[in-house]
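A.B. asks: Starting off with a structure, shown below.
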């Protein structure tokens, strides 16, 4: 039986094949940090909290993303920006929200405004209220 030879693959001793790593990835994996060196992380630095409340513990492996770069968090969370927007007054008992148009994944939604108070759109969070 003829075996298929893949270009750019390495044959392991068990007969399985493993794809080659790109040089940048391979170099990154072989770099070791001396014990006690933090590679750009400030010791005792407080971490910014994201809009989802994401904060990593000091020894969490997911913090490797921020070794050579600082974690950038946008202080203007979308939920706060939408909450600052005043409710849109509508004369009829039904409001139509399409998310501002365009192919953004927001379908056209009809919102019943018969009950008192503001009614939010389930997709974008804009609030609608019936004008009296």
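A.B. asks: Would you mind ranking 121, 96 so that the residue whose beta carbon has the fewest other beta carbons within 10 Å leads the list?
C.D. replies: Neighbour counts put them in this order, fewest first: 96, 121.
A.B. asks: Just to be sure I understand the model, the point goes 7 Å from the Cα along the line to the Cβ. What's the resulting residue 76 to residue 115 distance in nm?
C.D. replies: For residue 76 paired with residue 115, the spin-label model returns 3.3 nm.
A.B. asks: Relative contact order for the stretch 78-130: what is it in percent, counting Cα pairs under 8 Å that are at least 6 residues apart?
C.D. replies: 39 percent
A.B. asks: Further question on the same structure: By the gyration tensor of its Cα atoms, with a ≥ b ≥ c the square roots of the eigenvalues, what is the shape of the stretch 78-130: rounded for a/c under 1.5, prolate for a/b over b/c, or oblate?
C.D. replies: The shape class here is oblate.
A.B. asks: Separate question: When a footprinting reagent is the concern and you count Cβ atoms within 10 Å, what order do 79, 88, 67, 111 take, fewest first?
C.D. replies: Ranked by crowding around the Cβ, least crowded first: 79, 67, 88, 111.
A.B. asks: First measure r as the distance between the Cβ atoms of residue 58 and residue 104, then evaluate 1/(1 + (r/R0)^6) with R0 = 41 Å and state the FRET efficiency to the nearest 0.05.
C.D. replies: Rounded to the nearest 0.05, the efficiency is 0.60.
A.B. asks: Taking the Cβ of each residue in 106, 119, 76 as the centre, tally the other Cβ atoms inside 10 Å and list the residues starting with the fewest.
C.D. replies: The order, fewest Cβ neighbours first, is 76, 106, 119.
Where a number appears in this text, it was derived from the coordinates with a stated rule and is not lab data. Please read these numbers as outputs of a predicted model, since none were measured by experiment. We place every Cβ from the backbone using ideal geometry, glycine too, and count neighbours over all the protein chains shown.
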